[in-house]
């Protein structure tokens, strides 16, 4: 009887230790985390084949032209013939043309004007339907760009979506998209209110659970499937030999 009483007391003590009292938590707002690179970069447009360029030489209209950069990367101008333009920035092309015109003209003043260039785009990468470049005019917010790219996959981690951007100071920053709204609509509301800039990268990561499942599939399931296939071939071979021997 005493033994049963002691067991019951121990059971009550164990159960009471498993009960956790409810605690009231206060949400403390924190500053948005920004991941930065150490290197600095500069954003400049580089001419490419198909771009239309207006070259103006002041006081010399007969050599001024609006030309298209050919597929081989060259453009043709009076007095200069072929000039390599693809891969150069506007400032570099202006410097090159000024140097070449100086061999035929006295102190030429050259201006290079972009007439027709590809539209500004943003890039959507990660766990979305399609990784692609989206014209900025079709996707001014992050959620519009993601929708244009086929939307989120079921394995995507919406609340860890980030915008990777080259700032004016030359640093590349990964800016997480945050929002104070609660529940499932919260991340979407944050993405809806996030405006994009040209050349932004909208990165949608894969959830940790999906990464673990994919790891197990690569390390465990696929090797086992291969072994099962090899074992099946071996069993078929042995059965064939056994039937042949019996005949």
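The values are calculated or read from the model by the stated rules, or taken from the named source; none is laboratory data. Nothing here was measured: the structure is a model prediction, and the numbers come from that model. Neighbour counts run over all protein chains shown; Cβ positions are idealised from the backbone, glycine included.
Things worth noting here:
- Residue 104 meets the stated requirement of being touching a residue at least 24 places away in the same chain (Cβ under 8 Å) and in a loop (DSSP other than H, G, I, E, B).
- Top-ranked residue in the range 81-90 [being out of contact with any helix residue (DSSP H, G or I) (no Cβ under 9 Å at 6 or more places or on another chain) and touching a residue at least 12 places away in the same chain (Cβ under 8 Å); ranked as surrounded by the most Cβ atoms within 10 Å (Cβ to Cβ)]: 86
- Failed item in (1) modelled with pLDDT under 95; (2) surrounded by 13 or more Cβ atoms within 10 Å (Cβ to Cβ), with residue 104 passing the rest: (2)
Yes/no matrix, rows are residues, columns are (1) within 29 Å of the chain's Cα centre (by Cα); (2) buried (at least 18 other Cβ atoms within 10 Å of the Cβ); (3) in a loop (DSSP other than H, G, I, E, B); (4) not assigned by TED's automatic domain parsing to the domain that holds residue 155:
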| position | (1), (2), (3), (4) |
| --- | --- |
| 72 | no, no, yes, yes |
| 79 | no, no, yes, yes |
| 94 | no, no, no, yes |
| 99 | no, no, no, yes |
| 124 | yes, yes, no, no |
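- The number of residues in the range 159-187 being modelled with pLDDT under 90, buried (at least 19 other Cβ atoms within 10 Å of the Cβ) and in contact with a helix residue (DSSP H, G or I) (Cβ under 7 Å, 6 or more places away or on another chain) comes to 2.
- Test: residue in the range 134-146 that is out of contact with any helix residue (DSSP H, G or I) (no Cβ under 9 Å at 6 or more places or on another chain), farther than 30 Å from residue 208 by Cα and part of a strand (DSSP E or B): no
- Checked against (1) touching a strand residue (DSSP E or B) at 6+ places or on another chain (Cβ under 6 Å); (2) farther than 27 Å from residue 47 by Cβ; (3) surrounded by 14 or more Cβ atoms within 10 Å (Cβ to Cβ), residue 150 passes all but a single condition, namely (3).
- Filter result (assigned to a loop (DSSP other than H, G, I, E, B) and surrounded by 13 or more Cβ atoms within 10 Å (Cβ to Cβ)) within the range 59-70: 60, 64, 69, 70
- The one condition in (1) within 19 Å of residue 61 (Cα to Cα); (2) surrounded by 14 or more Cβ atoms within 10 Å (Cβ to Cβ); (3) touching a strand residue (DSSP E or B) at 6+ places or on another chain (Cβ under 7 Å) that residue 114 fails to fulfil: (2)
- A count restricted to the range 39-58 and to residues that are surrounded by 14 or more Cβ atoms within 10 Å (Cβ to Cβ) and over 24 Å from residue 198 (Cα atoms) stands at 3.
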